[in-house]
1. Is there a residue being more than 28 Å from Ala226 (Cβ to Cβ), modelled with pLDDT of 95 or more and assigned to a loop (DSSP other than H, G, I, E, B) anywhere in segment 51-64?
2. Pairs please, first residue from segment 230-256 and part of a helix (DSSP H, G or I), second anywhere and modelled with pLDDT under 75 and of a type in the set (S, T, N, Q), Cβ atoms under 6 Å, 6+ apart in sequence or on different chains.
3. Here are some conditions: (1) more than 17 Å from Val174 (Cβ to Cβ); (2) of a type in the set (A, V, I, L, M, F, W, C); (3) assigned to a loop (DSSP other than H, G, I, E, B). Leu87 meets all but one. Which one does it not meet?
4. Could you list, in sequence order, the residues of segment 106-143 that are hydroxyl-bearing (Ser, Thr, Tyr) and in contact with an Asp or Glu (Cβ under 6 Å, 6 or more places away or on another chain)?
5. For segment 99-116, name all the residues that are assigned to a loop (DSSP other than H, G, I, E, B), under 24 Å from Gly182 (Cα atoms) and not small (Gly, Ala, Ser).
6. In segment 211-225, is there at least one residue being of a type outside the set (D, E, K, R) and touching a Gly at 6+ places or on another chain (Cβ under 8 Å)?
7. Can you give me the number of residues within segment 65-81 that are closer than 15 Å to Phe252 by Cβ, modelled with pLDDT of 95 or more and of a type in the set (D, E, K, R)?
8. Would you pick out the residues in segment 192-231 that are of a type in the set (Asp, Glu) and touching a helix residue (DSSP H, G or I) at 6+ places or on another chain (Cβ under 7 Å)?
Amino acid sequence: MDQRTPDMSEQAPANPRRTSVFGIEFSTWDAGRIVDAIVTEPVPAGEGLRLLVTANLDHIVQLSRNPAFKAAYDKAWLTTVDGAPVLLYAWLRGLAVPGRITGADLFPEIIGRLKPGIHRPLLLCSSETTAAVLDEKLRALGFSEHIIVTAPPAFEKNEAFGRELVSRLRENRVTHIFFGIGAPKSEIWMDRHRAELPDCYGFGFGAGLDFYAGVKSRAPAFLRKAGLEFLWRVATEPRRLAKRYFVTSWAFLWAVYKDLKSDRR
């Protein structure tokens, strides 16, 4: 499936006629404004979870099939455009989104600006290796009240693990939750437990945590700029990602058709 996109330096449409596509209200904030809000604006007492979601092609496909995932999206605090095909479609429909804002790009920016003694992050990692590296990196940044957890297999179905994680989040008054597990598990778990969580920001950044730790290699900049990062991901993790990008991703065209059809109605 062709996942090319206009050069990311291009300007988004100036006067959009629409504010949403696929039934999703996309943020028009640029990455700098988003990061500023996340690190300088504490979540007001009693508001609970502020979930940020980053919509890529796979998310759009899954949203039409997974009601729990859609429920998490519907209650999200902010939604950014992650995938190149999503960006291209959004711009063609006239949305004033600034460009791709991915979890892999946001994670290092947020971590780099969080302040020890003020912010208390929790990171749920996909492996012990990633957890160990991130723990070392956060300690080097001066953190001592952070929490690093390695997710067990099928963590979203593990009730004992879920209770323990919620307890640690509340007892430590965590301000920022970073899940490095992938969609839709991360978003669904946070949404289902939002009533039990402290007032905090939540992010499902998937492989972004592994990239930051250096456990996985991210695509070169020229591939990312061209909207071809998926080729790198498939080449590095073919067994896990080949089906997603070359088989199930075609359902994105059906999502586009339904979105266009709903407008005509």
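The values are calculated or read from the model by the stated rules, or taken from the named source; none is laboratory data. Small disclaimer: the values here were computed from a predicted structure and weren't measured. Here Cβ is always computed from backbone atoms with ideal geometry, including for glycine, and neighbour counts include all displayed protein chains.
1. No - not one qualifying residue is present in segment 51-64.
2. Going by the 6 Å Cβ cut-off, the qualifying pairs are Phe230/Gln3.
3. Only one criterion is unmet by Leu87, namely (3).
4. Once the filter is applied, which keeps residues that are hydroxyl-bearing (Ser, Thr, Tyr) and in contact with an Asp or Glu (Cβ under 6 Å, 6 or more places away or on another chain), segment 106-143 yields only Thr130.
5. Start the filter on segment 99-116 by keeping residues that are assigned to a loop (DSSP other than H, G, I, E, B), which leaves 99-102, 114-115.
From what's left, under 24 Å from Gly182 (Cα atoms): 99-102, 114.
Across segment 99-116, the qualifying residues are Arg100, Ile101, Thr102, Leu114.
6. No, because not a single residue in segment 211-225 is of a type outside the set (D, E, K, R) and touching a Gly at 6+ places or on another chain (Cβ under 8 Å).
7. Residues meeting the conditions: 0.
8. Scanning segment 192-231 gives Glu196, Asp210, Glu229.
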